[in-house]
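These notes are about the structure you will find just below.
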Amino acid sequence: MANHRADEKRFLDERGSGGPLAPNGLNPATIMEKPVRERIIDCYFWKDQCFALNEADIVDRVVVHVKFIGGTYGDAQRPSPFLCLAFKLLQLGPSDDILREYLDFGGEKFKYLRALACFYIRLTRQAKNVYNLLEPYLEDRRKLKRKTRMGTALTFIDQFVDDLLTKERVCATTLWKMPKREILEDLEVLEPRISPLGDIEDLLESDVEEMDGKGRDKSPGSEFGEVTPEREPGEMDVDKGANEGQTMEAESEVASGKV
Amino acid sequence: MSSKKGAYESNASDTDFRKKFDRAEYAAKASVREAAEKEESKARYEAKLAGKKYYKPLTGDEILTSARASRLDVSANVGKMVLMPAGAATGKRGRGAGFYCKDCDLTFKDSVQWVEHENSMQHLRAIGQTGEVQRATASEVRERIERVWEALEEERQQDVKSLGERLKVRQVEEEQDREERRRKRKELAERKLAKTEEEARIKLEYGEDVRVEGEHDEDDMMASMGIVGFGSTRK
C-alpha cells in the first residue's frame, strides 16, 4: 500500500505535471486559488496540525479544531481550520468508501465532518455523483457556525449543501461550473428528485386553496400580499382598500408571470 | 645495589599509573571512521554535482511519520529562569535560549521556526523517520470515528457525574452549616432563659432587698457625690 507524503511539497510540485487528477478531471493542487493556497501553507495551523495527517487523523482534527465553516476570516484573512483540512483532503485524495464514512457514519455524529466531506465532494467529484451524494443532506437541519471577513453568522447543513449545489463561490473557493440538475435530468443522467416537501405543484395548489377561498390562481410569493383572505367585505373599509390594492398587484404579477 | 626494585620493593615504573592503550584497536577504529567519512564526503560531492541536497542514506529501520499528538506548549516555561552559557545564543547551532532540538542540536527562537524545523526532512531523518504517512482504510476511519465518539461520550458522562457529586457535596455542607447555626441559636436561647430564671429565683428568695449586680450603681454613685435626689418622690 502506498503511503502519503507527510508534507505538501511534492503535492504542490507535481501540479500540472505528474500528479493524479481528481475524478472530475481537475488538478487537486489548483482547485483552490493561489492566494488562498499560499495563505493556507503559511498559517500555523497548517504547519502544526495538518502535518503528517492521514484519512483517520482528519477525524480527530475536525472534532477538536473545526468549530465553524468559512474560508478566510478576520482582517488578516486567516484561513479557517475548515479550509486547511479541505486542502489536506485535496492532498490525500480519499476514496469514495472513506468519504461515505465521513458523510454517513461520522456525519451523524460530527456535523462539521459532514460539512467538510460535502465541500470536498463538490470540489472533486463528477456532477452526477455530487448530486447523488449531497442531496440526501438537504434534510439535515443541524446548525453550523459560519465565519466570514465581516463576522459570524448562523447557517444550517441543508443551507450549506444548497449553497454548494447552486452557488459559484463558497468558503473562499470558486466552485467548478457544474451542469444544472435539469440538464442532467434531460440527458437522463439523473433521476428527477423527489423533494421531501412533496410535489411542488401540489404544494402550490394546496397553498392557493388555503389562502384564497375563491380558488384564484396565484403566483408563488403573492401570499405575502394576502395576509387576511377570510375577512368579510365591509368589515374594515380602510384596510380593505389597501388589501385590494395588494391583490391587484398580485394579479398583475400573475399576469406578467403567465406571459 | 643494582636491583631494579625501588625503595618500595615493587617492579612498577614511574609511569605505570597511566592507562595502557591498545594501539591496534584504535588504529582499526580510526580506519573504519575515516573510510565512512570519505564515503560520506564523496556522496555529498556527488549530490552537489547532481544539484541535490544530501541526506544520510536510509538504514532501513526508519519508522513512518505520524501525526502530532500534542501541540507545542509555549506557556509551560513562563516565569522560569534558566542559566545559559555565555557563548550560547549566537546562531542556531548548539544549545541556547529558545526551543532546543536535541536530535539536531539546534535552537530556534520562535514557535513557527520550531514547527518548520520539526516538519523538515533534516529533523525527520535525525529522529529516524521516513517522512511518509501510513494511508488509512475506510474501516480504520470508521474505527477512529467510533473511538473519538466514545471518548467524547465518556467525557460527557463524567462531567455529568462530577456535577451531580458536586451538588451532593454542596448539599451536605449546607445541611451541616444549618445544623451548626441551629445548635448555636438554641444554646444562646437556653443561656438567656437560664439567666432570667436565675434572676427571678434570687428575687423570689430575697425580695426587693437583694442587690442584683449593677442595678443600684447609679444611686450609689449619686449618694457618694452628695446628691440624694432632685426632690422628686419618684425613685
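The values are calculated or read from the model by the stated rules, or taken from the named source; none is laboratory data. No experiment lies behind these values; they were computed from the predicted model shown. Positions of Cβ are generated from backbone atoms using ideal geometry, with glycine treated the same way; all protein chains shown enter the neighbour counts. SASA here: full protein model, heavy atoms, side chains in, ligands and nucleic acids out. Shrake-Rupley method; radii C 1.70, N 1.55, O 1.52, S 1.80 Å.
Brief remarks on what is shown
- For the residues A:PRO136, A:PRO196, A:PRO192, the requirement of being surrounded by fewer than 22 Cβ atoms within 10 Å (Cβ to Cβ), in contact with a helix residue (DSSP H, G or I) (Cβ under 6 Å, 6 or more places away or on another chain) and without any contact (Cβ under 8 Å) to a residue 40 or more places away in the chain singles out A:PRO192.
- Hey, A:SER95 more than 9 Å from chain B (Cβ to nearest Cβ) and closer than 26 Å to A:GLU14 by Cβ or not: no
- Some residue of region A:101-109 being small (Gly, Ala, Ser), in a helix (DSSP H, G or I) and within 14 Å of chain B (Cβ to nearest Cβ): yes
- Of all the numbered requirements in (1) touching a Phe, Trp or Tyr at 6+ places or on another chain (Cβ under 7 Å); (2) more than 9 Å from chain B (Cβ to nearest Cβ); (3) farther than 27 Å from A:ASP13 by Cβ, A:SER80 misses one, and that requirement is (3).
- A:ASP158 falls short on exactly one of the conditions (1) surrounded by 19 or more Cβ atoms within 10 Å (Cβ to Cβ); (2) at pLDDT 90 or above; (3) in a helix (DSSP H, G or I), and that condition is (1).
- Filter result for B:ARG156 (charged (D, E, K, R) and either more than 10 Å from every other protein chain (Cβ to nearest Cβ) or buried (at least 18 other Cβ atoms within 10 Å of the Cβ) (or both)): yes
- Residue list for region A:72-98, filter: touching a residue at least 12 places away in the same chain (Cβ under 8 Å), more than 11 Å from A:ARG39 (Cα to Cα) and assigned to a loop (DSSP other than H, G, I, E, B): A:GLY74, A:ASP75, A:GLY93, A:PRO94
- The condition (being open to solvent by less than 60 Å² (accessible area, probe 1.4 Å), within 30 Å of the chain's Cα centre (by Cα) and modelled with pLDDT of 85 or more) is satisfied by just one residue among B:VAL148, B:VAL141: B:VAL148.
Quick grid of which residues meet (1) modelled with pLDDT of 90 or more; (2) more than 14 Å from chain B (Cβ to nearest Cβ); (3) touching a Leu at 6+ places or on another chain (Cβ under 7 Å):
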{"residue": "A:ALA2", "(1), (2), (3)": "no, no, no"}
{"residue": "A:ALA6", "(1), (2), (3)": "no, no, no"}
{"residue": "A:LYS9", "(1), (2), (3)": "no, no, no"}
{"residue": "A:GLY16", "(1), (2), (3)": "no, yes, no"}
{"residue": "A:PRO20", "(1), (2), (3)": "no, no, no"}
{"residue": "A:GLY25", "(1), (2), (3)": "no, yes, no"}
{"residue": "A:CYS43", "(1), (2), (3)": "yes, no, no"}
{"residue": "A:VAL63", "(1), (2), (3)": "yes, no, no"}
{"residue": "A:PHE68", "(1), (2), (3)": "yes, yes, no"}
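- Here the helices (runs of 4 or more DSSP H) wholly within region B:20-139 that include at least 3 residues being among the hydroxyl-bearing types (Ser, Thr, Tyr) and more than 12 Å from every other protein chain (Cβ to nearest Cβ) are B:23-49.
- Members of region A:55-65 found to be open to solvent by 20 Å² or more (accessible area, probe 1.4 Å) and touching a residue at least 12 places away in the same chain (Cβ under 8 Å), listed by number: A:ARG61, A:VAL63, A:HIS65
- Being closer than 22 Å to A:GLU33 by Cβ and not small (Gly, Ala, Ser) is a property that holds for A:TYR120.
- Picking from residues in region A:12-44 that are open to solvent by less than 30 Å² (accessible area, probe 1.4 Å) and part of a helix (DSSP H, G or I), the one that is nearest to B:LEU124 (Cα to Cα) is A:LEU12.
- A:PHE51 meets all of the listed conditions (1) of a type in the set (A, V, I, L, M, F, W, C); (2) in contact with a Gly (Cβ under 7 Å, 6 or more places away or on another chain); (3) facing chain B (nearest Cβ under 10 Å) but one, namely (2).
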